[in-house]
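Notes for the one structure printed next.
Coordinate-derived values only; no laboratory data. Nothing here was measured: the structure is a model prediction, and the numbers come from that model. Here the Cβ is made from the backbone with ideal geometry for all residues, glycine too, and neighbour counts use every protein chain on show.
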Amino acid sequence: METEILARIQFAFTIAFHYIYPPLSIGLGFLMVIFESIYIRTKNKLYHKLAKFWTKIFALTFGIGVATGIVMEFEFGTNWAVYSRYVGDIFGSALAAEGIFAFALESGFLGVLLFGWNRVKPWVHLVSTIGVFIGSMFSAVWIVVANSWQQTPAGYHIVGEGINVRAEITDFWAMVFNPSSLDRIMHVWLGAILAGTFLVLSVHAYYLLKGRHIEISKKAFKIALLVATIFSMSQLISGHSSADGVAENQPAKLAALEGHFADNEPADMYLFGWVNKEKQKVSGLKIPGGLSFLIYYDFKAPVTGLNAFPEDERPGQVNAVFQFYHIMIIIGMTLIAVTLFGSFMLWRGKLYNKPWLLRIFVFAVFLPQIANQTGWFAAEMGRQPWVVYGLLRTSEAFSQSVTDNQILFSLILFFVVYAILLVLFLYLLNKKIQLGPEDEELSDSRPLTKNISDILTTK
C-alpha cells in the first residue's frame, strides 16, 4: 500500500478515535451546568447528585480525550512534515490560542470541579463548572478554526520557494473568521452537545427500564430530552447554512456530496443512493431538482457539477463522500423525529409507560457519534485532493523520509493501544453507570484511606 494512503489511514484512525471523547465532554459539560444551576436555585438534592454523578463521567471522557489528542500533534511532524512546514504559522497560532484561551481555562477550573464538592461554596463550584465547559467550547473553536482554514484559506500570503514554501498569516482575524469557520464551529458545537445529551438520555432511560433511580432519572431525562429536541432541530438549520457555504466556497465538494456530475444543470437531492463514478450515475431515491432548490430556491437552477473540474481536482472517492454525507443526514433527521416524538409523549404523560421508546433512547446514544464521525469524513474526503484547498495537494504534503513499513507498524501499535483504552473506558463507564447517581453519594461518604492492617485483613 502507498505511503500516502497509509499515512492518511493512520491519521483518520487516530482522529476518529479521539473525536469520540471531546464531543462527549462538551455535551456533558453543558448539562452539568444546567443540573448544578437548578440545584443552586431550588436546593433540590437530586440535582446535586446528578451534577456530581455526571461530573465523574465527564472526568473520564476528558482524561482519555486529552491522552488521545496528543498523538495527533506528533503525527503532524512524523508523517506530514511538508504539510506541517506549510501550515506551521497558521496552526501554530491556532494551537497557541487553544492553549492560552481554552486549555488553561479548563485545567485552571478542573481541580475545583472535581475535588471542590463540599470544599467551596456552591456558587464557586458552579463558576468552576461553567469555566470548564466554556474552556471545552473554546478548545473546539481553535481546532475547528485551524481545520476550516484548510477548507477556505484566508488572511495569509505565500512566502518562500521550492521545499521552503509556506503560508504566513497577514491578518490573524481574517484567518480566524475565514469563510467557513463560523458555520463549522456552530455545527461542531451542536453535534457535541447532542453526543453528550444522548449519553445522558441513554443512561437514564436504562435506569427507568430497570426500575432504578426512578425519581432522579425522570428529572434528568426530561431536561436532557428538552435539550436534545432543541439542538437536534438547530442542527438542521446549521447544516443548511454549512451547505450554503460549501456551495459558494467548495463547489467540487458539494457536487461530490450529492453525486452531481453534469455541469451547469439542475441538481437532484438524494435521500439515499449509490454512485457509479465510471458511468457518472447515481441510483437511489431522489427529489428532482432538490439540491438546486436548497441552494437557490429554484428547482431548475443549474449547479456546478464534477465535470466542471479537471479530473485531478475532484474528490477521488465520490461514492464514499456521498455515503458518509447521507448517513449523517439520515441520522440527523432520525434524531429530530425521535426527540420530537419523545417530547410529545412526555407532554402527554405517556413516555415512561413506553418501554419500547425508552429502549430506543438507550441505543440512540450511538447515533450522534456516528453522525459526527461520518460528517467529519465527508468534509475531509470531499476536500481531496487538497490538504489545503486549492493550495497544497495531499500527495505533496506527507513526509518523504517515512516508509510505508514504519507507518504500518505504528498503525498496528496505535490500534492495539487504542483498543485497550476503549475497553478501559467502557469498563470504567459501565462501572460508574452500574453504581448509579444515588449510590455515588454512599461511595463518596466512605473513608478515602484504610489502615494497613485493615487492608491486609480484607478478604
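Here are the numbers for this structure:
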quantity	calculated
Nearest 10 degrees, 0 to 90: helix 3-18 Cα axis against the chain principal axis	30 degrees
Residue 344-residue 307 FRET efficiency (beta carbon distance; Förster radius 60 Å; 0.05 resolution)	0.85
Relative contact order computed over the stretch 211-402 (Cα-Cα under 8 Å; 6+ residues apart), in percent	22 percent
Lysine pair count for the stretch 211-402 [Cα-Cα under 23 Å; pairs on different chains or 8 or more apart]	14
Packing-based ranking, highest mean first, of 360-372, 340-352 given that Cβ atoms within 10 Å are counted	360-372, 340-352
Pairwise centroid distance, computed over Cα atoms, of the stretch 31-89 with the stretch 262-279, Å	39 Å
Full-stretch length increase - residue 424, residue 42 - with 0.36 nm per residue and alpha-carbon distance subtracted	133.9 nm
Cα gyration tensor shape for the stretch 10-155, rounded if a/c is under 1.5, else prolate or oblate	prolate
Calculated from backbone phi, Karplus (6.51, -1.76, 1.60) coupling profile of the stretch 92-99 in Hz, x at Gly/Pro	x, 5, 5, 5, 5, 5, 4, x
Correct choice for Cα extents along the principal axes in Å that was computed from the model, options (1) 78, 58, 39; (2) 72, 52, 42; (3) 128, 51, 37	(2)
Within the stretch 39-81, trypsin sites (Lys or Arg not before Pro) in DSSP loop having at most 14 other beta-carbon neighbours inside 10 Å	43
Relative contact order for the chain, counting Cα pairs under 8 Å that sit 6 or more residues apart, in percent	19 percent
Amide proton proximity set for residue 270, modelled H, under 5 Å, gap of 5+	287
Separation of the residue 417 and residue 104 label points, Cα + 7 Å toward Cβ, nm	2.8 nm
Residue-averaged [θ]222 nm for the chain, counting only DSSP H segments that reach four residues, each worth -39500 (n - 2.57)	-24000 deg cm²/dmol
Exposed GluC sites (Glu not before Pro) absent: longest stretch of the chain, with sites in DSSP loops and at most 10 other Cβ within 10 Å deemed exposed	279-459
Mean shadow area of the stretch 211-402, taken as a quarter of the surface of its Cα convex hull (nm²)	14.6 nm²
Separation between Cα centres of the stretch 357-408 and the stretch 206-221, rounded to whole Å	36 Å
Prolate/oblate/rounded label for the stretch 95-165 (Cα gyration tensor, a/c 1.5)	prolate
Set of aspartates and glutamates with alpha-carbon distance to residue 121 below 15 Å, sequence-local pairs under 8 removed	36
